[in-house]
Amino acid sequence: VLQKARAGKRFTMPVTELQAFLNNMPRMIMDGYTFTVSGTLEEPLVIANFCGCGSIHIKAEERGGCTFTKGIRISSNTCETVTLQNLVFSNPDAADHNACEIQAGGFQNLYLFNCDFSGNQKGTAIEVGNGTTATALNCTIKRYMYAALTMYNSILVVSCEKEDDTENNICGARTYFGGIIQMGLYTNPTLGGTYFNKGGGLIVKPNNTVA
């Protein structure tokens, strides 16, 4: 039976209170939940195991209005979508590429709008895997070991407003055991990196040529 999500629910809170709220929500959601958050979170945020025809939308009131220093882990959500908007991601303590600002896996849909990623050239900005489909629209990604990484049948679209929205990265795009990374029309064709690392899968540049 096809189900339709009911009217949305909206909440405003400091970002430090968001994890406890998510933990206490029912795993099956039929509504669109929108969280307007502010402040800085210095521990990982986990969004996991939600299902149903509802959605989760986490946003700051204005671009740059909320900062995550240990990233967001998104896994095994079969709800309609998870959306992140106007957020800042910056982990100054990243030791290697396993430190991801966004790490998503488990057959889900993820959207990133107007988010800013600022690294230390050791971590990974966006990693998606295991069947996840993700779109990063009008985001900036600067100073990462990997700007974009896919693995295991996942798809990541990065579409920036201008080429210098991605710069000073080491490897612009990496596919690991498959996956597709596709760049939008005005996106830097190297995603601000000096090389690509392709282990299966596809890397599609803005002119629709394959790397």
#### Entry: Flag for Ile29 being of a type outside the set (Phe, Trp, Tyr) and over 17 Å from the mean Cα position of the chain (by Cα)
yes
### Query
How do the pairs read when you match residues in region 175-194 that are without any contact (Cβ under 8 Å) to a residue 60 or more places away in the chain with residues anywhere that are among the hydroxyl-bearing types (Ser, Thr, Tyr) and open to solvent by 60 Å² or more (accessible area, probe 1.4 Å), using Cβ under 7 Å and keeping only pairs 6 or more apart or on different chains?
Phe177/Tyr152; Gly178/Tyr152; Gly179/Tyr152
### Task
Would you tally the residues in region 117-138 being within 29 Å of Ile29 (Cβ to Cβ), open to solvent by 50 Å² or more (accessible area, probe 1.4 Å) and modelled with pLDDT of 95 or more?
2
### Filtered residue count, region 198-211, keeping only those that are small (Gly, Ala, Ser), open to solvent by 40 Å² or more (accessible area, probe 1.4 Å) and not in a loop (DSSP other than H, G, I, E, B)
0
### Message
Cβ-Cβ under 9 Å, sequence separation 6+ or interchain: first residue in region 147-167 and under 11 Å from Ala134 (Cβ atoms), partner surrounded by fewer than 20 Cβ atoms within 10 Å (Cβ to Cβ) and of a type in the set (A, V, I, L, M). Which pairs?
### Response
Thr150/Ile180; Ser154/Ile180; Ile155/Ile180; Leu156/Ile180; Val157/Leu137; Val157/Ile180; Val158/Leu137
### Residues of region 79-116 classified as charged (D, E, K, R), open to solvent by less than 60 Å² (accessible area, probe 1.4 Å) and within 22 Å of Asn49 (Cα to Cα), total
1
### Task
Report whether or not Gly64 is on the phi > 0 side of the Ramachandran plot and crowded, with 21+ Cβ neighbours inside 10 Å.
no
#### Entry: Selection from region 59-75 of residues that are charged (D, E, K, R) and in contact with a Pro (Cβ under 8 Å, 6 or more places away or on another chain)
Lys70, Arg73
### Task
Within region 174-181, identify whether any single residue is out of contact with any strand residue (DSSP E or B) (no Cβ under 9 Å at 6 or more places or on another chain) and more than 12 Å from Val204 (Cα to Cα), and answer yes or no.
no
### Query
What about Thr124, is it of a type in the set (Val, Ile, Thr), within 19 Å of Gly199 (Cα to Cα) and touching a His at 6+ places or on another chain (Cβ under 7 Å)?
yes
### Query
Which residues, counting only those in region 175-192, are among the hydroxyl-bearing types (Ser, Thr, Tyr) and buried (at least 18 other Cβ atoms within 10 Å of the Cβ)?
Thr175, Tyr176, Thr187, Thr190
### Task
Would you check if Gly172 is farther than 21 Å from Asn114 by Cβ, buried (at least 17 other Cβ atoms within 10 Å of the Cβ), out of contact with any Cys (no Cβ under 7 Å at 6 or more places or on another chain) and small (Gly, Ala, Ser)?
no
### Message
Considering only residues that are of a type in the set (A, V, I, L, M) and open to solvent by 20 Å² or more (accessible area, probe 1.4 Å), which ones fall in region 25-59?
### Response
Met28, Met30, Val46
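The values are calculated or read from the model by the stated rules, or taken from the named source; none is laboratory data. On a predicted model such as this, the values are computed, not experimentally measured, just so you know. Positions of Cβ are backbone-derived with ideal geometry, glycine not excepted, and every protein chain shown enters the neighbour counts. These accessible areas exclude ligands, DNA and RNA; they are computed on the full protein's heavy atoms, side chains included. Shrake-Rupley method; radii C 1.70, N 1.55, O 1.52, S 1.80 Å.
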